[in-house]
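To keep things clear, I will list the structure first and then write my remarks on it.
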Amino acid sequence: MVSSAGLSEGERLVLKVHQHWKTVLRPALVLAVIIAGLLAVLLFVPHLVLAARLAVGAAALVLAIIFVASPLLRWWTTSYELTNRRLRLRTGILTRAGRDFPLSRISDVSFVQGLLDRMLGCGRLIVESPGEHGQLVLNEIPHVQHVQAMMFQLVEDEQERLAREG
């Protein structure tokens, strides 16, 4: 039996996160550069005819859609969900894709944080499992140490649950 949230019977959502807000810094900076460039052209080249002004504005809009809106939508529509039975990855702007990793198949959970990551409270989560996929690397996870500890505990709990049932 599957609930409306896509969880099976007895499964509960423990944590749902998006990538850290650090991910949207580059698109925000690109937007600032696009706006500054647009204003510079419009203010410092006053003799442009209306058609040229519209062309410059249209070019700025296209650049903003490609380099700002698209990454922001990708960030907004990507989520990592941790349940008491699996790790679920959900991505997609127009089409949705999902990938699930049963906790019972995970052999190791670790994290890596650089200096900037430590200052901002995010990092890279590395999930290892035997098989053809081997290693899953999730970048820019907020509170990565807490997520790693929680996931490690859930993996142990799931392995104990399966041992009791088996």
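Screening the candidates S129, S107, S70 for the property of being more than 26 Å from W21 (Cα to Cα), free of Cβ contacts under 8 Å to residues at least 24 places away in the same chain and not aromatic (F, W, Y) yields one hit, S107.
Checked against (1) closer than 30 Å to D157 by Cβ; (2) assigned by TED's automatic domain parsing to the domain that holds Q153, G6 meets all criteria but (2).
So, V144, is that one under 25 Å from E11 (Cβ atoms), loosely packed, with under 12 Cβ neighbours inside 10 Å and among the β-branched types (V, I, T) or not? Judged against the criteria, V144 is not a match. Restricted to the stretch 20-121, the set of helices (runs of 4 or more DSSP H) holding at least 1 residues that are among the β-branched types (V, I, T), within 22 Å of the chain's Cα centre (by Cα) and surrounded by 14 or more Cβ atoms within 10 Å (Cβ to Cβ) comprises 25-44.
The values are calculated or read from the model by the stated rules, or taken from the named source; none is laboratory data. Small disclaimer: the values here were computed from a predicted structure and weren't measured. All Cβ positions, glycine included, derive from the backbone under ideal geometry; neighbour counts span all protein chains shown.
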